[in-house]
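Down below is the structure, laid out as structure tokens.
The values are calculated or read from the model by the stated rules, or taken from the named source; none is laboratory data. Given the structure is predicted, the values throughout are model-derived calculations rather than measurements. Glycine gets a Cβ as well: all are built from the backbone with ideal geometry, and neighbour counts include every protein chain shown. With ligands, DNA and RNA removed, areas are computed over all heavy atoms of the protein, side chains included. Shrake-Rupley method; radii C 1.70, N 1.55, O 1.52, S 1.80 Å.
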Amino acid sequence: MNDQPQARSPAHDLAHLDRRSFLKTGVGGTLLLGTASVAAGLGGCATAPAGSQDDVGARTGAGYQFRFLTRDDIQLFEALLPAMIGPALTEEPRARRVAMTSTIERIDAGIYKFGPANQRELRRLFDLLNFGVTRVTAARVWSSWPNVTTAEADAFLERWRTSGIGLFNNGYIALTKISNVAFYGHQDHWHLSGYPGPPQWAVDALPHIKNA
């Protein structure tokens, strides 16, 4: 019997990350994230998914309706993606904008498929980073995200990556994991990770792979 391996993209599927919890925090971390979420709402941070806002079409791709990410979340990822993806993100302005926009849309679509527990954790994490007071105290990022340089974003990510605080380590893992899966998991970027794409027999047997 000649069993052929099942074709999978390097990311497999962003939605499959639902099987594990992103932020496993202690009581202190839970209280910090919960407080940040409440404060963010009271402080005027965007709380509705950006798809319900009229001005999003001018910032991202026309026709896509965000179902989880808020306008503030979109600005957060616009600041962080160049630092996380680095040289793999083209410098050509139009192509760069398309790559950024489509990646953020895939992040939103993937998170929307997550279970409620992970969605709550990510909402608290994003609120922590979007609310001015906690952005400064927890992330040590003084500027609002639209004004943060790639060097500043990279420094923030490195601080959380190497921090002795588990909450920050896990926050770094969550941000980079969902971003890298959304970027490198798309067929246009498979070659950047050394993945040649599914074998032709799999494409012929499962044509929907072409649109994965």
Count - residues of region 165-186 that are at pLDDT 90 or above, small (Gly, Ala, Ser) and over 17 Å from residue 104 (Cα atoms): 1
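Conditions (1) touching a Cys at 6+ places or on another chain (Cβ under 9 Å); (2) modelled with pLDDT of 60 or more; (3) among the hydrophobic types (A, V, I, L, M, F, W, C), marked per residue:
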{"site": "153", "(1), (2), (3)": "no, yes, yes"}
{"site": "188", "(1), (2), (3)": "no, yes, no"}
{"site": "200", "(1), (2), (3)": "no, no, no"}
{"site": "206", "(1), (2), (3)": "no, no, yes"}
{"site": "209", "(1), (2), (3)": "no, no, yes"}
Pick from region 139-151, criterion buried (at least 16 other Cβ atoms within 10 Å of the Cβ) and in a helix (DSSP H, G or I), ranking: modelled with the lowest pLDDT: 139
Residue check for residue 153: aliphatic (A, V, I, L, M), more than 22 Å from residue 107 (Cα to Cα) and either in contact with a Pro (Cβ under 9 Å, 6 or more places away or on another chain) or touching a residue at least 24 places away in the same chain (Cβ under 8 Å) (or both): no
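One line per residue, one yes/no per condition, for (1) outside any loop (DSSP other than H, G, I, E, B); (2) at pLDDT below 95:
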{"residue": "57", "(1), (2)": "yes, yes"}
{"residue": "64", "(1), (2)": "no, yes"}
{"residue": "68", "(1), (2)": "no, yes"}
{"residue": "79", "(1), (2)": "yes, no"}
{"residue": "87", "(1), (2)": "yes, yes"}
{"residue": "91", "(1), (2)": "no, yes"}
{"residue": "100", "(1), (2)": "yes, yes"}
Filter pass, residue 135 being among the charged types (D, E, K, R), over 18 Å from residue 48 (Cα atoms), open to solvent by 10 Å² or more (accessible area, probe 1.4 Å) and in contact with a Leu (Cβ under 6 Å, 6 or more places away or on another chain): yes
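Based on this model, can you work out whether residue 53 counts as surrounded by fewer than 20 Cβ atoms within 10 Å (Cβ to Cβ) and at pLDDT 70 or above?
The answer is no for residue 53.
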Pairs, first over 11 Å from residue 104 (Cα atoms) in region 70-84, second assigned to a helix (DSSP H, G or I) and β-branched (Val, Ile, Thr), C-beta under 8 Å, six or more apart: 71/56; 82/150; 83/150; 84/176
Counted residues, region 114-123 - those being under 14 Å from residue 49 (Cβ atoms) and surrounded by fewer than 17 Cβ atoms within 10 Å (Cβ to Cβ): 1
Flag for residue 166 being small (Gly, Ala, Ser), surrounded by 15 or more Cβ atoms within 10 Å (Cβ to Cβ) and out of contact with any Asp or Glu (no Cβ under 8 Å at 6 or more places or on another chain): no
Number of positions in region 123-132 that are assigned to a helix (DSSP H, G or I), touching a helix residue (DSSP H, G or I) at 6+ places or on another chain (Cβ under 7 Å) and more than 18 Å from residue 108 (Cβ to Cβ): 1
